[in-house]
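Read the figures in this text as sums done on the coordinates, not as results from a lab. Quick caveat: nothing in here was measured; it's all calculated off a predicted structure. Cβ: placed from backbone, ideal geometry, glycine included. Neighbour counts: every protein chain shown.
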Amino acid sequence: MTRMVQCVKLGEEAEGLDFAPYPGELGKRIYENVSKQGWESWVNHQTMLINEYRLTPVDPKARKFLEEEMEKFFFGEGSEVPKEFVAPEE
């Protein structure tokens with residue numbers, strides 16, 4: 001049976017994640033409050049942040065920055081898009 005959650009990102013009930021996608025307390029909060037679709041939107045946003053800021057995910061400073069942005073994305077005021085970012089044309 002599919003696990004449903006009240007997704008904080010979508011503002012509606014949706015299919016929940018199969019496992020905590022991040023370690024620790026933040027991962028637990030995400031597992032309990034974020035849907036698969038909500039998580040996918042973070043992965044896309046995170047990819048944009050990594051590319052725009054030229055981050056190396058293995059760098060501890062970059063990881064800390066991404067974790068802070070993840071927290072804001074789901075549970076805060078939202079993660080900002082870099083000023084220089086231009087969305088690709090579809």
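Would you check which residues across the stretch 22-73 are without any contact (Cβ under 8 Å) to a residue 12 or more places away in the chain, β-branched (Val, Ile, Thr) and either touching an Asp or Glu at 6+ places or on another chain (Cβ under 7 Å) or farther than 22 Å from MET4 by Cβ (or both) and list them? Answer for the stretch 22-73, where residues must be without any contact (Cβ under 8 Å) to a residue 12 or more places away in the chain, β-branched (Val, Ile, Thr) and either touching an Asp or Glu at 6+ places or on another chain (Cβ under 7 Å) or farther than 22 Å from MET4 by Cβ (or both): THR47, THR56, VAL58.
Looking across the stretch 1-21, the residues that are of a type outside the set (Phe, Trp, Tyr) and either touching a residue at least 60 places away in the same chain (Cβ under 8 Å) or not in a strand (DSSP E or B) (or both) come down to MET1, THR2, ARG3, VAL8, LYS9, LEU10, GLY11, LEU17, ASP18, ALA20, PRO21. Selection over the stretch 60-90 of residues that are part of a loop (DSSP other than H, G, I, E, B) and among the basic types (Lys, Arg) gives a count of 1. With respect to the conditions (1) surrounded by fewer than 15 Cβ atoms within 10 Å (Cβ to Cβ); (2) touching a strand residue (DSSP E or B) at 6+ places or on another chain (Cβ under 6 Å); (3) hydroxyl-bearing (Ser, Thr, Tyr), SER35 lacks only one, and its number is (1).
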